[in-house]
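Read-outs: derived from the displayed coordinates by stated rules, not from any lab. Because the structure is predicted, anything quoted here is derived from the model rather than measured. In this analysis, Cβ positions are derived from the backbone assuming ideal geometry, glycine residues included, and neighbour counts consider all displayed protein chains.
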Amino acid sequence: MIPYGKQNITEEDIQAVAKALKGDFLTQGPTILEFEKAFANYIGCNYAVAVSNGTAALHLSALALGVQEGDKVITTPITFAASANCIRYCGGEVVFSDIDLDTYLLDINKVEALLKAAPKGAYKGIVPVDFTGRAVNLEDFRKLADEYGLWILEDSCHSPGGYFIDSKGENQNCGNGNYADLAIFSFHPVKHIATGEGGMVTTNDETLYKQLLRLRSHGITKGDDKYTNTLDFANGQKGLDIYPGWYMEMQQLGFNYRFTDFQAALGISQLSRADKGIERRREIAKKYADSFINKSFIKGHSNFVEGHAYHLYVIEVENRIGLYNYLLEHKIFAQIHYIPCHLMPYYREKGWKEGDMTNAENYYKHCISLPMYPTLTVEEQDFVIEKIIQFYG
Ligand SMILES: *Cc1c(COP(=O)(O)O)cnc(C)c1O
């Protein structure tokens with residue numbers, strides 16, 4: 001059986017988790033901070049906050065950015081539902097905007113048209129998604145966002161290790177915080193770095209960072225000098241400078257979105273192989289690209305893209321359902337990413353319908369994600385390519 005994506009757990013990973021399990025902490029312990037620092041270093045940002053999953057990372061980010069009842073936020077319909085849902089968790093309104101057919105990413109011209117047509121201040125933020133691992137050009141989005149006073153929350157779940165090239169010719173890593181206010185990652189088993197469940201928020205903004213730390217654990221502050229309560233602790237002693245050891249404060253409404261120490265140990269071990277993994281993913285992508293060059297069944301492009309993190313390898317084809325079933329017969333489990341979000345019953349109920357996002361809808365009719373993961377063998381990939389060519393032969 002050849003799936004479209006798969007985790008890679010090595011003996012070193014298992015040893016790392018076993019060691020963490022023998023330590024003093026099961027949930028939030030010192031290994032989490034170590035993982036956060038290693039991840040921030042890998043991405044090239046100042047701060048990272050590990051949380052229980054990518055969806056929690058999105059929820060906390062939306063909260064930290066201040067999304068409130070009725071706030072309008074723009075995102076792409078070609079993404080996992082959570083990119084949009086996080087706005088709904090906070091009572092905000094999701095406004096989908098169509099994709100660019102070359103990149104499959106949010107089309108900045110369409111976003112600009114939306115902003116131009118609305119009264120000033122109508123929109124609060126944008127959630128661009130580095131879909132398939134291809135980096136959104138956030139330099140361009142930042143300019144637009146600044147013009148309209150919007151924040152940017154980058155969904156980088158597909159793109160740890162991905163980058164775009166800015167106007168100065170420099171690589172800008174996904175999630176590095178140079179342009180987006182916050183970025184989020186997931187450590188679900190199909191993603192680049194797997195910890196079972198897990199997520200991360202990255203940023204260069206210290207205020208947002210501190211808020212995320214609080215929100216991750218019930219909105220509780222402990223052991224810093226930012227207490228605000230003056231209680232009678234004992235014998236009539238009051239004051240902001242006399243806090244006993246047990247003292248803590250719930251300063252806002254937070255959640256339990258904590259990560260665990262043994263997952264962090266797995267994350268550190270996985271992260272140490274991230275570069276190798278991406279190298280192999282790019283090798284696989286090059287081979288697919290070379291194999292499909294000038295093939296008449298390929299709609300659109302299938303060229304290799306620099307800076308792409310290749311979480312997914314998507315092609316657009318004629319008779320997609322035929323190919324999907326043919327591959328399945330040969331135990332190749334391709335996948336479709338994604339059914340457009342705006343056509344999910346939940347969002348249809350909010351008024352979205354077929355014809356609203358014609359690029360996304362046309363893309364969806366033809367897209368198929370081929371097997372893409374570092375441990376895919378040369379023989380397995382050859383078999384996948386052979387079966388695709390055979391099907392259209
Ligand atoms: C996986 C994923 C998420 C959600 O991550 P979980 O860890 O599964 O909660 C959000 N957005 C995108 C684009 C994803 O691929």
Self-check item: Using a Förster distance of 30 Å, the FRET efficiency for residue 166-residue 100 (Cβ separation, nearest 0.05)
Solution: 0.95
Quiz prompt | Where GluC sites (Glu not before Pro) in DSSP loops with at most 14 other Cβ within 10 Å are excluded, longest remaining stretch of the chain | solution = 171-305
Quiz item: Given the chain, what percent of its DSSP beta bridges are antiparallel, to the nearest 5?
Solution: 60 percent
Quiz prompt | FRET efficiency, residue 27 to residue 390 (Cβ-Cβ, R0 45 Å, nearest 0.05) | solution = 0.35
Quiz item: Could you work out Rg/(2.2 N^0.38 Å) for the stretch 274-391, with Rg from alpha carbons only?
Solution: 1.16
Exercise. Arrange 159, 97 by Cβ neighbour counts within 10 Å, fewest through most, would you?
Key: 97, 159
Quiz item: All other residues with a Cβ under 15 Å from the Cβ of residue 124 taken together, and with Lys, Arg as +1 and Asp, Glu as -1, what is their net charge?
Solution: -3
Practice problem: Determine the sum of side-chain charges near residue 171: Lys and Arg each +1, Asp and Glu each -1, restricted to other residues whose C-beta is under 13 angstrom from that of residue 171. | Solution: -3
Quiz prompt | Simple Cβ-charge dipole of the chain, Lys/Arg +1 and Asp/Glu -1, about Cα centre, in debye nearest 20 | solution = 480 debye
Quiz item: Cα to Cα, under 19 Å, and not fewer than 8 places away if on the same chain: which lysines meet these conditions relative to residue 226?
Solution: 210, 238
Practice problem: Place a label point 7 angstrom from the Cα of residue 228 along the Cα-to-Cβ direction, then list the residues of the stretch 60-84 whose backbone nitrogen is under 17 Å away. | Solution: 64-66
Self-check item: Shape category assigned to the chain from the gyration tensor of Cα positions, a/c cut at 1.5
Solution: oblate
Self-check item: Spin-label model distance (nm) - residue 255 vs residue 294, 7 Å beyond Cα toward Cβ
Solution: 5.2 nm
Quiz item: What does the charge count near residue 273 come to, summing +1 for each Lys or Arg and -1 for each Asp or Glu among other residues with Cβ under 13 Å from its Cβ?
Solution: -2
Self-check item: Sum of -39500 (n - 2.57) over DSSP H runs of 4+, divided by residues of the chain (222 nm, nearest 500)
Solution: -11000 deg cm²/dmol
